[in-house]
Amino acid sequence: MSTSALRLPDALQALRDLLAAAPLHLDVPGRDEASRSARAVVDQIDDYLLPRLRDLDAPLLAVVGGSTGAGKSTLVNSLLGTPVTTAGVLRPTTRAPVLVCSPADRAAFAGDRVLPGLARTTGEGEVTGGLRLVVSDALPAGLAVLDAPDVDSVVETNRELAGQLLAAADLWVFVTTAARYADAVPWELLRTAQERGTALAVVLDRVPPEAAGEIAADLGGMLRSAGLEAARLFVVEERPLVDGYLPEDQVGPLRTWLHGLAADQEQRAAVVRQTLAGALDSLGARVDGVAEGVARQAAAATALRETAEAAYAQAGTTVSDGVASGALLRGEVLARWQEFVGTGEWMRTLQGQVGRLRDRLTATLTGRPSAGVGVQQALESGVEVLLRDAADEAAERTVTAWRATAGGPALLTGRQQELEAASPDFPDAAAAEVRDWQGAVLDLVRSEGADKRTRARAYSWGVNGAGAVVMVAVFASTGGLTGGEVAVAGGTTAVGQRVLEAVFGDSAVRALAARARADLEQRADRLLTFERARFDELVDAAAPQPGDVEELRAATAELDAARRAQR
């Protein structure tokens, strides 16, 4: 076989593997249709296209399909002159598909070359699973007939299997009745045959003899209108059965035509080429449909991620606003601050010259080396609460938004309760982060005084106190504070800041507070980003990867190139 001929199966296999792994996990509109289409193409590649490409001279497989009660099994038995498949009044009658071939072709169908997913059985009587293989001398070599389940069966698995078997056929023998030939289901299947270029024969069964010409003409016109004028039409009149079989004059024309295909290698090859080319031609549009489904998955995943991102960005804003508003300086923090800086008399004492302010604060700090610890602890608790509240609100907003976003409700199933609040580990993580931040502020104070040896020598015993002043300066603002709170918090912070300015310098103190605030906001952002990852991981596990859509379309283009090369 030529190199170009080898390329086509390889390209088809590559496309098949991509379709089998198509990421269609998010429950979005059109997902089920895209999944069915992907599965149908994979099945047809496995069941028909690859086996046929690898063995163009294999026997012709004619699949007999149709609606419930159309008489498929009776037709197959009559064609063979032996009861190989169950016919009766109970529906659905065909419990498992039956494939009949000549003894010469048994090896071609006994293995997994065709329909590899269906296990072969050869037992007699009712078989409820797999594919029952029957060898019969009634069929010539080169032809196999498969009796498929009803395409409109009340059993869903039967309907799915019928569609799969029809897609594996070289030739469809579609059976309908005079009473049902205009029904929607038969025509849906016939349109599929037209779209895929499948070789087709239509058997119009149970036709009243007196109306045979009229009904056949009407169906023929419908076939021509649907672009199926090439389909062979056989009419079987409603006559009494003879020993359980259709009268010979009714079934004979179809048998003669099928046997003729088996005997004429050129005709048989023409049927195979028609169906094979039609199936390959149909892949582009079908894969495009799957690719569009994957694109919708990607769009839905983006929307879900953006929803979570917006909720947690709003949480970050809430934290920033809480820091800037001064609201944290109420309550316990305010009380500890008052204890630290003392009474209003202490403040008035500090209103002197800068040197005296520095000396007094230094004496206070050295006399009480842990003077700022109470303020730090109160701030720690307040910031932790602010972070936890923001994380809880972000989680709740995300869950609420996901309930109304395509793909979101299914991701929340079984997880909603744990996701609508901050994760159990968040409080400990927030506490640790705030403590680390406070340590970083103290490190800033130490590093800022490291090169100011003469001034820092007296001040070195008051790092906690200086750090407390810097921390309060981060939060001190008239926003959120009123009346006496401004005087106690904002005013005393300003005095403390003047003392720090005397030690470190004006610009250095402003830089300390700015750096401390930026550090806190970065830590809050890191915590919230880690929290958001719970939602991102759910989306990532279900969403397509970047390039999945392009990869599918590129595989289709490669298949087209391989076909052109083979020609």
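The values are calculated or read from the model by the stated rules, or taken from the named source; none is laboratory data. It should be emphasised that the depicted structure is a prediction, and the values quoted were computed from it without experimental measurement. Cβ sites come from the backbone with ideal geometry, for glycine too, and all protein chains shown count toward neighbours. Heavy atoms of the whole protein, side chains included, go into the accessibility calculation; ligands, DNA and RNA do not. Shrake-Rupley method; radii C 1.70, N 1.55, O 1.52, S 1.80 Å.
Return the only residue of 302, 307 being modelled with pLDDT of 95 or more and within 27 Å of residue 554 (Cβ to Cβ).
Values: 307 fails: within 27 Å of residue 554 (Cβ to Cβ).
Exactly one of 302, 307 is modelled with pLDDT of 95 or more and within 27 Å of residue 554 (Cβ to Cβ), namely 302.
Listed conditions (1) within 21 Å of residue 520 (Cα to Cα); (2) not in a loop (DSSP other than H, G, I, E, B) are all met by residue 410, apart from (1). Checked against the criteria, residue 305 counts as in a helix (DSSP H, G or I), open to solvent by 60 Å² or more (accessible area, probe 1.4 Å), under 22 Å from residue 423 (Cα atoms) and not acidic (Asp, Glu).
Conditions (1) part of a loop (DSSP other than H, G, I, E, B); (2) within 17 Å of residue 169 (Cβ to Cβ); (3) without any contact (Cβ under 8 Å) to a residue 12 or more places away in the chain; (4) out of contact with any Cys (no Cβ under 9 Å at 6 or more places or on another chain), marked per residue:
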site: 19; (1), (2), (3), (4): no, no, no, yes
site: 37; (1), (2), (3), (4): no, no, no, yes
site: 46; (1), (2), (3), (4): no, yes, no, yes
site: 56; (1), (2), (3), (4): yes, yes, no, yes
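Of the residues making up segment 179-216, those that are open to solvent by 20 Å² or more (accessible area, probe 1.4 Å) and among the hydroxyl-bearing types (Ser, Thr, Tyr) are 181, 192. Assuming residue 451 fulfils every condition listed in (1) at pLDDT below 60; (2) over 20 Å from residue 322 (Cβ atoms); (3) in a helix (DSSP H, G or I) apart from one, which condition is it? Unmet for residue 451, out of (1) at pLDDT below 60; (2) over 20 Å from residue 322 (Cβ atoms); (3) in a helix (DSSP H, G or I): (3). Considering (1) buried (at least 17 other Cβ atoms within 10 Å of the Cβ); (2) free of Cβ contacts under 8 Å to residues at least 24 places away in the same chain, the lone condition that residue 219 does not fulfil carries the number (2).
Regarding residue 176, is this residue among the polar types (S, T, N, Q), surrounded by 21 or more Cβ atoms within 10 Å (Cβ to Cβ) and in contact with a strand residue (DSSP E or B) (Cβ under 7 Å, 6 or more places away or on another chain)? Yes, satisfied.
Residue-by-condition table, conditions (1) under 23 Å from residue 299 (Cβ atoms); (2) crowded, with 19+ Cβ neighbours inside 10 Å; (3) among the aromatic types (Phe, Trp, Tyr):
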position: 13; (1), (2), (3): no, no, no
position: 22; (1), (2), (3): yes, yes, no
position: 27; (1), (2), (3): yes, no, no
position: 47; (1), (2), (3): no, yes, no
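Restricting attention to segment 251-277 and to residues that are in contact (Cβ under 8 Å) with a residue 40 or more places away in the chain and touching a Phe, Trp or Tyr at 6+ places or on another chain (Cβ under 9 Å), the residue that is farthest from residue 55 (Cα to Cα) turns out to be 251. Here residue 217 passes the criteria (1) modelled with pLDDT under 90; (2) in a helix (DSSP H, G or I) except the one numbered (1).
In the list 348, 336, which residue meets the criterion of being surrounded by fewer than 17 Cβ atoms within 10 Å (Cβ to Cβ) and at pLDDT below 95? Spell out how you get there, then give the answer.
Details: 336 fails: surrounded by fewer than 17 Cβ atoms within 10 Å (Cβ to Cβ).
Result: 348 is the single residue among 348, 336 that is surrounded by fewer than 17 Cβ atoms within 10 Å (Cβ to Cβ) and at pLDDT below 95.
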